[in-house]
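The values are calculated or read from the model by the stated rules, or taken from the named source; none is laboratory data. Note that the coordinates shown come from a computational prediction; the quantities given were computed from them, not determined experimentally. Neighbour counts run over all protein chains shown; Cβ positions are idealised from the backbone, glycine included. Calculation scope for accessible area: heavy atoms of the full protein, side chains included, ligands and nucleic acids excluded. Shrake-Rupley method; radii C 1.70, N 1.55, O 1.52, S 1.80 Å.
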Amino acid sequence: MRASSLALVALLLPAPLAAEEYTAPRDLGCVPHAELDTEITPPELARVVRACIHAGVYENAFAVWLSFNSYALYDQQRVKDESAHMVLQDLYSWTFAGYSRDIMDEVKAAADLFRDPESRYFLEACAAMVETGQPTYRPTYMIATGMWPLKNPEDWRTVPFDGDAAWRKALSEINSCPAF
């Protein structure tokens, strides 16, 4: 089994993590973007995106995708073990895997709304993320896939870490939301 396949398995099944347990992601269904909160992890957001695609709610799928991507990029900055960041590649691939060409054409059409950073749709999604705020969950989904041994329960953290600056970078610099 490839290393990336193992990382994906770690996302879908509970796995031990040093002194804590990794919690498998919840299936939340197609949650409206406006109802997201700071405790929903990227693996859960990826499931929401897929649920919205299955439901044919493509615009919401991409609004949730923007949150997924922002939370994932925030986590990359706060988890120091770079090998743990590889889990995101598997999540990105899994989120859009297995759809027909017709469905992917619909998904791509919805994605076009995000290509224009001046569009009302894009600006509303960004404003909702700013209002919701940066993640508050512990990124165990990422920590659990890292290769560095943890010496203590907080050894995963990037030190020093400025959460506000990391959130601004994830939203504005990487995902092109207006600066806040």
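Overall, the chain carries a charge dipole of about 400 debye about its Cα centre when +1 sits on the Cβ of Lys and Arg and -1 on the Cβ of Asp and Glu, all other atoms neutral.
For the chain, the alpha-carbon radius of gyration amounts to 1.02 times the rule-of-thumb value 2.2 N^0.38 Å expected for a compact globular protein. Between helix 42-55 and the chain there is an angle of about 30 degrees, using the helix long axis and the longest principal axis of the Cα atoms.
Mean-square fluctuations from a GNM of the chain, with a 10 angstrom spring cutoff on Cα atoms, peak among VAL64, VAL49, VAL31 at VAL31. This model, with +1 at the C-beta of Lys and Arg and -1 at the C-beta of Asp and Glu, gives the stretch 51-153 a dipole about its Cα centre of some 480 debye. Placing +1 on the Cβ of every Lys and Arg and -1 on the Cβ of every Asp and Glu, with nothing else charged, gives the stretch 61-121 a dipole about its Cα centre of roughly 120 debye.
Projecting label points 7 angstrom from Cα along Cα→Cβ for LEU113 and PHE180 puts them 1.8 nm apart. Between the helical axis of 58-78 and the longest alpha-carbon principal axis of the chain there is an angle of about 30 degrees.
Between LEU113, LEU45, LEU73, the Gaussian network model of the chain with springs among Cα atoms under 10 angstrom shows the greatest mean-square fluctuation at LEU113. Think of a 1.4 Å ball rolled over the protein heavy atoms: the chain then has 52 Å² of accessible area per residue. For the chain, the residue among ALA84, CYS177, TRP148 whose Cα projects farthest onto the positive side of the dipole built from Cβ charges is TRP148. Taking a ≥ b ≥ c as the square roots of the Cα gyration tensor eigenvalues, the stretch 75-180 comes out oblate, since a/c reaches at least 1.5 and a/b does not exceed b/c.
Between 0 and 90 degrees, rounded to the nearest ten: what's the tilt of helix 101-111 against the longest Cα principal axis of the chain? The helix 101-111 is inclined about 90 degrees to the chain. Within the listed set PRO139, PRO42, PRO153, the Gaussian network model of the chain (springs between alpha-carbon atoms below 10 Å) gives the highest mean-square fluctuation for PRO153. Per the Debye formula on identical point scatterers at the alpha carbon atoms of the stretch 48-100, with no solvent, log10 I(q)/I(0) at q = 0.21, 0.23, 0.25 Å⁻¹ is -0.78, -0.87, -0.96.
For LYS151, a cut-off of 21 angstrom between C-alpha atoms picks up these lysines, skipping any fewer than 8 places away in its own chain: LYS80. Which longest run of the chain has no exposed loop site in it, a site being trypsin sites (Lys or Arg not before Pro) in a DSSP loop with at most 14 other beta carbons within 10 Å, and the site itself not part of the run? For trypsin sites (Lys or Arg not before Pro) (loop position, at most 14 other Cβ atoms within 10 Å), the longest site-free span of the chain is 27-114.
Under a cut-off of 17 Å between alpha-carbon atoms, report the aspartates and glutamates in cross-link reach of LYS169, not counting same-chain residues fewer than 8 places apart. Partners within reach: ASP75, GLU131. Within the accessible area of the stretch 120-173, the carbon and sulfur atoms contribute 54%, probe 1.4 Å, all protein chains present. Please label the shape of the stretch 77-117 as rounded, prolate or oblate, based on the square roots a ≥ b ≥ c of the eigenvalues of the alpha-carbon gyration tensor (a/c under 1.5 means rounded; beyond that, a/b larger than b/c means prolate, else oblate). Oblate is the answer for the stretch 77-117, as a/c is 1.5 or above yet b/c matches or exceeds a/b.
Only Cα pairs under 8 Å and 6+ residues apart enter the sum, and on that basis the relative contact order of the stretch 78-180 stands at 47 percent.
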